[in-house]
Amino acid sequence: MKKIITIIGARPQIIKAAAISRAIKNHFNDVIEELIVHTGQHYDDNMSAIFFEELGIPQPHFNLQVGSASHGQQTARIIEGIEKLIIDEKPNGIVIYGDTNSTIAAALAAAKIHLPIFHIEAGLRSFNKSMPEEINRILSDHISTVLFCPTSTAIENLKKEGFSMENNGKAMIDKPHTYLCGDIMYDNSLYFSEVSDEKSTILSNESLVDKKFILVTIHRNANTDEADRLNAIFNALMYIQNVTDYTIVLPLHPRTKKMMDSLLSTENREQLNSNAKIKIIPPAGFLDIIALEKNAELIITDSGGLQKEAFFFQKPCVILRPETEWVEIVQNGNALIADANEKRIVEAANSLLVKSDFTYPTLFGDGKAAEFIVSKIIETIA
């Protein structure tokens, strides 16, 4: 029996881990043991514990409880905790997801003591190194043993950085193997879409049944921490609501709420408080988010995950960032980049709401990425 350690630290990683844990349980349970380590990077207990329960993910075997801190402090604490776990548990490999501080910290800890690293969502690039996530994903890729790419664009990014696609011989840090595997979040979206239909009550709870609404999420520091950008986004949202008369639903991250209270203009706060069709609701669980995504007319977000899920559920998307890692959905016309520019947000929303000739090609695999990934992990550590 081989053993792997899966590292999770932020809510999206908890969701991604569900696909891998499910694949192991259903297809490889007699071959590989998975230990889940929650770094505690995401310190709001209400926003992480609920995901384990509703997604049926095994509870973490370990929680490092690093909490919130500066990038350097948080990364250092995670490295220290994971290094000790690796020494104590003696796994055959470590699985990392995406681009958080937990990702790069786990990669560094494992690489220094020569443990195979399996990076899921490898090859993504925003080409904006002012984003901490971009630094994390680049460095993690370059010290990983096996890189699992969700899209052909990710493969091309790695080729340009000198990665070989031959995959000959044994995968090693100096000769990593790279695979186009599809997106495990597509696996999850297919699986949990049916679960959401059965279990989510958010549409009735929020009186959204048979109503036309726009789903909005805002959480990135660049948008929440700068008054000009935050006010521009809310100016655009209120204009869009007034013109379309659609309800706007905004599940609010606690940190965003805190920044809104201090940075929004008095006029914007007053308008928000007086407009019943802008519904600010508590953070939504994954099954509720799926229900909202599936029933929205449009999604406006700065979340990378929601950009993809909009595509999975065939909804147009306005991206509240200057760039995206998911360039395919923009190139295919399913999403428009508007950044935090009030005029561009309004124009993008208006354009996408009237467009009818969307297409949804198979960009993110066949919904069986997790099975492929686990099979390659087993092959590598055999």
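Applying 1/(1 + (r/R0)^6) with R0 = 51 Å to the Cβ-Cβ distance of ASN29 and GLN314, what FRET efficiency is obtained, to the nearest 0.05?
On the way: r = 34 Å, r/R0 = 0.67.
Efficiency at R0 = 51 Å is approximately 0.90.
Could you rank the peptides 15-22, 261-268 by their average count of other C-beta atoms within 10 Å per residue, with the highest value first? Kindly include the intermediate steps, with their values, before the conclusion.
Values: 15-22: 24.4, 261-268: 12.9.
Sorting 15-22, 261-268 by mean packing, highest first, produces 15-22, 261-268.
Measure nothing but the geometry: give the 0 to 90° angle between the long axis through the Cα atoms of 11-27 and the longest principal axis through the Cα atoms of the chain, rounded to 10°.
50
Using a basic spin-label model with each label point 7 Å from the Cα along Cα→Cβ, how many nm lie between ILE143 and LYS368?
Each label point lies 7 Å from its Cα, and together they span 3.5 nm.
As a test, work out the antiparallel percent of DSSP beta bridges whose residues both lie in the chain, rounded to the nearest 5. Walk me through the numbers before you get to the answer.
Details: 1 of 41 bridges.
Restricted to the chain, the bridges split so that about 0 percent are antiparallel.
Between the stretch 176-204 and the stretch 313-382, what's the alpha-carbon centroid distance in Å?
14
If one puts a single equal scatterer on every Cα of the chain and applies the Debye formula without solvent, what log₁₀ I(q)/I(0) results at q = 0.08, 0.13, 0.15 Å⁻¹?
Log10 of I(q)/I(0), two decimals: -0.40, -1.08, -1.41.
Could you list the GluC sites (Glu not before Pro) in the stretch 102-183 that lie in coil according to DSSP, counting only those with at most 14 other Cβ atoms within 10 Å of their Cβ? If you can, show how the numbers build up before the last one.
Working: sites: GLU121, GLU133, GLU134, GLU156, GLU161, GLU166; in loops: GLU121, GLU161, GLU166.
Here the sparse-neighbourhood loop sites are GLU161, GLU166.
Given a Förster distance of 45 angstrom, what is the FRET efficiency for ALA69 paired with VAL243, based on the Cβ-Cβ distance and rounded to 0.05?
Numbers: r = 43 Å, r/R0 = 0.95.
Computed FRET efficiency for ALA69 and VAL243: 0.55.
Given only helices, namely DSSP H runs of n ≥ 4 each adding -39500 (n - 2.57), what is the per-residue ellipticity at 222 nm of the chain, to the nearest 500 deg cm²/dmol?
Working: 17 runs with 186 residues, N = 382.
Computed mean residue ellipticity for the chain: -14500 deg cm²/dmol.
For ASN168 and THR359 in the same chain, what is the full-extension length gain: residue separation times 0.36 nm, less their Cα-Cα distance, in nm?
Working: separation 191, 0.36 × 191 = 68.76 nm, distance 3.69 nm.
Result for the pair: 65.1 nm of gain on full extension.
Report, to the nearest 10°, how far helix 184-199 tilts away from the longest principal axis of the Cα atoms in the chain, using its own Cα long axis and a range of 0 to 90°.
It works out to around 60 degrees.
If I take every Cα pair under 8 Å that is 6 or more residues apart in the stretch 61-159, average their sequence separation and divide by the length, what percent do I get for the relative contact order?
On the way: 147 pairs, mean separation 24.5, N = 99.
Contact order relative to length: 25 percent.
So, with +1 on the Cβ of K and R and -1 on the Cβ of D and E, and no other charges, what is the size of the charge dipole of the chain about its Cα centre, to the nearest 20 debye?
Values: 37 positive and 49 negative charges, 74 e Å.
About 360 debye.
Between helix 286-295 and the chain, what is the angle of the helix's C-alpha long axis to the longest principal axis, kept within 0 to 90° and rounded to the nearest 10?
On a 0 to 90 degree scale, this one is about 50.
Could you work out which residue, out of VAL209, VAL37, VAL249, moves most in a Gaussian network model of the chain, that is, has the largest mean-square fluctuation with Cα springs under 10 Å?
Ranking VAL209, VAL37, VAL249 by mean-square fluctuation puts VAL209 first.
For LYS2 and GLU156, calculate 0.36 nm times their separation in residues minus their Cα-Cα distance, and state this gained length in nm to one decimal. Could you put the intermediate results ahead of the total?
Details: separation 154, 0.36 × 154 = 55.44 nm, distance 3.20 nm.
52.2 nm is the gain from fully extending LYS2 to GLU156.
Between ASP210 and GLU379, what length in nm is gained on full extension when 0.36 nm per residue of separation is reduced by their alpha carbon distance? Mind showing how you got there, number by number?
Values: separation 169, 0.36 × 169 = 60.84 nm, distance 4.89 nm.
Answer, rounded to one decimal: 55.9 nm.
Return the FRET efficiency for the residue pair VAL330, ARG255: r is the Cβ-Cβ distance, R0 is 25 Å, and the value is rounded to the nearest 0.05.
Working: r = 27 Å, r/R0 = 1.07.
After rounding to 0.05, the efficiency reads 0.40.
Could you pull out every residue, at least 5 positions away or on a different chain, whose amide H is within less than 5 Å of the one on ILE300? Hs are placed 1.01 Å off N in the peptide plane, and Pro or chain starts have none.
LEU215, VAL216, THR217, VAL318
Running a GNM on the chain with Cα contacts under 10 Å, which residue among SER196, SER70, SER164 ends up with the highest mean-square fluctuation?
Highest fluctuation among the options: SER70.
With N set to the number of residues, divide the alpha-carbon radius of gyration of the stretch 162-254 by 2.2 N^0.38 Å and report two decimals.
Relative to the rule-of-thumb radius for its length, the stretch 162-254 sits at 1.73.
Students often get this wrong, so check it: of LYS90/LYS175; LYS3/LYS25; LYS25/LYS112; LYS315/LYS355; LYS258/LYS279; LYS25/LYS376, which have C-alpha atoms separated by over 19 Å?
On the way: LYS90/LYS175 23 Å; LYS3/LYS25 14 Å; LYS25/LYS112 30 Å; LYS315/LYS355 11 Å; LYS258/LYS279 17 Å; LYS25/LYS376 16 Å.
Over 19 Å apart, Cα to Cα: LYS90/LYS175; LYS25/LYS112.
Taking amide hydrogens as modeled 1.01 Å from N in the peptide plane, which residues meet the under 5 Å criterion relative to ILE281, leaving out close sequence neighbours?
Correct list: LEU250, LEU252.
For the pair GLU270/GLU226, report the inter-label distance in nm, with labels modelled 7 Å from Cα in the Cβ direction.
My value for the distance between the label points is 2.7 nm.
Give the relative contact order (percent, whole number) for the stretch 195-354; include only Cα pairs under 8 Å separated by 6+ residues. Walk me through the numbers on the way to the answer.
Numbers: 251 pairs, mean separation 42.7, N = 160.
It comes to 27 percent, rounded to a whole number.
Each reported figure results from applying straightforward, stated rules to the coordinates on display, with no laboratory input. Note that the structure is predicted; figures quoted are calculated from it, not measured. Cβ coordinates were reconstructed from backbone atoms using ideal geometry, including for glycine residues, and neighbour counts include every protein chain displayed.
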